[in-house]
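The values are calculated or read from the model by the stated rules, or taken from the named source; none is laboratory data. Predicted, not measured: the structure shown is a model, and the values here were computed from it. Cβ coordinates were reconstructed from backbone atoms using ideal geometry, including for glycine residues, and neighbour counts include every protein chain displayed.
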Amino acid sequence: MSASPPRLALEGGKPLRARPFHRWPVFGARERRLVLRALESGRWGKLHGSFNREFEEKFATYTGCRHGITVVNGSVSLKLALWALGVREGDEVIVPPYTFIATATAVIECNATPVFVDIHPDTYNLDPERIESAITPRTKAILPVHMGGLCADMDRINAIARKRGLAVIEDAAHAHGSEWKGRRAGCLGKIASFSFQSSKNLCAGEGGILTTNDTRLAERCRALHHCGRLPNGGWYGHDILGGNFRLGELQAALLLAQFTRLEAQTRTRDRNGRDLSRELAKIEGLEPLARGPEATRHSYHVFIFRYRRSGFAGWPREKFVKAMRAEGIPISAGYPVPIYRQPYFQKRDFGPFHRARLDYRKASCPVCENACREEALWLPQSVFLGPRTDMDDIAAAARKVQRAARG
Ligand SMILES: Cc1ncc(COP(=O)(O)O)c(C=O)c1O
């Protein structure tokens, strides 16, 4: 006779894990020293200090790019990438629907049209099989997101882009240090955009950067984020339409300090993420996303796995999430809807943009719908900074919930 299942914390039992997972953000003397140095320099703006310049060089080199341009956040960097590439009214840009709103908003803000192409069920990244049929004479660019830090299939995306004369912009907001066949995210397309918002693997509260190997494009981005000034132009010379999107020096100082931690943190996350994938794959009803050999490194900004209620006696995903959280595991269900189901898309309220009033009421990406509705489970990156035994706790909590569900 098997023992009766342990009482779930959800029902008043003892939580499997009472200790919190690894703290985030991680900071110490290095951050204090550099931020204080920026403060005491009295040069708090990008134009006058040296922290932004130093960070731009270091981060661009890290990604394998010649150029880096820091900006205020990763939403602005996406918009500037499209802007610099000449995406304009009437153009179409292919984007995945499983992403943060900024990926699509950046396209809207160019008065262009986001065309949603469904994700692959095994990776939750843009499905390369579906891209070509979405290309029209108006398509200007493909904007893959390295979702959660797993690189999109850049070989196939770049091949399609080359064949059809399109630009590829990486949304690498989740992918600091991620690799595709040993090459880092950030240098896998024409230009890339990163975010340094609080939750990101490299963070300064807010911030973003553009990386590229294309010198002309970099110069254009530099002008765009600097009120349209060209490199040798005057202070009141505004050659092109731009804006002030420059990052402050205190944040750049913080980024420089955080950057010294990135490599070691990325290795730890990658190791723990692999281990947890192996452990969860042994549990019926839980399936980590597929990570092919090309994904030589995964930032695990978000560790995503798939829920099958059949493994949990028919429990809906929401009940599993509640039970796991009560056991002390900070799990969530991730994006609630595909981007095109967000209210502003459904209401066709594009603010000052789009006189054409795009209509997404009939848009449908079934794989993404299913991921949002009942399949996806997320764990945040900071969970992967702790010891290997933290992974064991996550798997043990899932097994405990499973035993309780099965009765
Ligand atoms: C995929 C993706 N792209 C872009 C962004 C925008 O970055 P930021 O918050 O720095 O504007 C985010 C931020 O969460 C994101 O997750």
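Taking residues in region 219-232 that are within 13 Å of Trp83 (Cβ to Cβ), and partners anywhere that are in a helix (DSSP H, G or I), the pairs with Cβ atoms closer than 7 Å and at least 6 places apart or on different chains are Arg220/Ala84; Cys221/Leu80; Cys221/Ala84; Leu224/Leu80; Leu224/Trp83; Leu224/Ala84; His225/Leu80. Scanning region 37-75 for residues that are in contact with a strand residue (DSSP E or B) (Cβ under 6 Å, 6 or more places away or on another chain) and more than 16 Å from Ala218 (Cβ to Cβ) returns Asn73, Gly74. Where helices (runs of 4 or more DSSP H) fall wholly inside region 330-407, the ranges with 1 or more residues that are of a type in the set (Asp, Glu) are 366-370, 388-406. Sub-6 Å Cβ pairs linking a first residue in region 304-328 that is among the charged types (D, E, K, R) to a second residue that is crowded, with 18+ Cβ neighbours inside 10 Å and not in a loop (DSSP other than H, G, I, E, B), at least 6 apart or interchain, are Arg306/Glu287; Arg306/Glu375; Arg317/Tyr307; Glu327/Ala9; Glu327/Ala397, ordered by first then second residue. Only a single criterion out of (1) within 14 Å of the ligand (Cβ to nearest atom); (2) more than 11 Å from the chain's Cα centre (by Cα); (3) outside any loop (DSSP other than H, G, I, E, B); (4) among the small types (Gly, Ala, Ser) is not satisfied by Ala218, namely (1).
Within 12 Å of the ligand (Cβ to nearest atom), at pLDDT 95 or above and in a loop (DSSP other than H, G, I, E, B): is that true of Ala152 in this structure? For Ala152, the condition - within 12 Å of the ligand (Cβ to nearest atom), at pLDDT 95 or above and in a loop (DSSP other than H, G, I, E, B) - is met. Listed conditions (1) crowded, with 21+ Cβ neighbours inside 10 Å; (2) under 21 Å from the mean Cα position of the chain (by Cα) are all met by Val72, apart from (1).
Listed conditions (1) at pLDDT below 95; (2) in a strand (DSSP E or B) are all met by Ala192, apart from (1). Of the residues in region 92-107, at least one is more than 13 Å from the chain's Cα centre (by Cα), surrounded by fewer than 23 Cβ atoms within 10 Å (Cβ to Cβ) and under 26 Å from Phe353 (Cβ atoms). Within region 158-176, being within 16 Å of the ligand (Cβ to nearest atom) and surrounded by fewer than 24 Cβ atoms within 10 Å (Cβ to Cβ) holds for one residue alone: Val168. Restricting region 195-212 to residues that are assigned to a strand (DSSP E or B) and in contact with an Asp or Glu (Cβ under 9 Å, 6 or more places away or on another chain), the residue that is nearest to the ligand (Cβ to nearest atom) is Ser195.
Taking first residues from region 87-105 that are more than 15 Å from the ligand (Cβ to nearest atom) and partners that are of a type in the set (D, E, K, R), the Cβ contacts under 7 Å between residues at least 6 apart in sequence or on separate chains come to Val87/Lys140; Gly90/Arg138; Asp91/Arg138; Asp91/Lys140; Glu92/Arg138; Glu92/Lys140.
Being under 30 Å from Leu188 (Cβ atoms), surrounded by 19 or more Cβ atoms within 10 Å (Cβ to Cβ) and not assigned by TED's automatic domain parsing to the domain that holds Gly149, is that true of even one residue in region 318-329? No - not one qualifying residue is present in region 318-329. Considering only residues in region 46-77 that are closer than 26 Å to Glu109 by Cα and in a loop (DSSP other than H, G, I, E, B), the one that is farthest from the ligand (Cβ to nearest atom) turns out to be Lys46. Residues in region 26-35 that are assigned to a helix (DSSP H, G or I) and either more than 23 Å from Ser199 (Cα to Cα) or in contact (Cβ under 8 Å) with a residue 40 or more places away in the chain (or both): how many? Residues in region 26-35 being assigned to a helix (DSSP H, G or I) and either more than 23 Å from Ser199 (Cα to Cα) or in contact (Cβ under 8 Å) with a residue 40 or more places away in the chain (or both): 5 in total.
Among the candidates Phe51, Phe100, Phe55, Phe59, the residue that is out of contact with any helix residue (DSSP H, G or I) (no Cβ under 8 Å at 6 or more places or on another chain) and in the same structural domain as Gly148 (by TED's automatic domain parsing) is uniquely Phe100.
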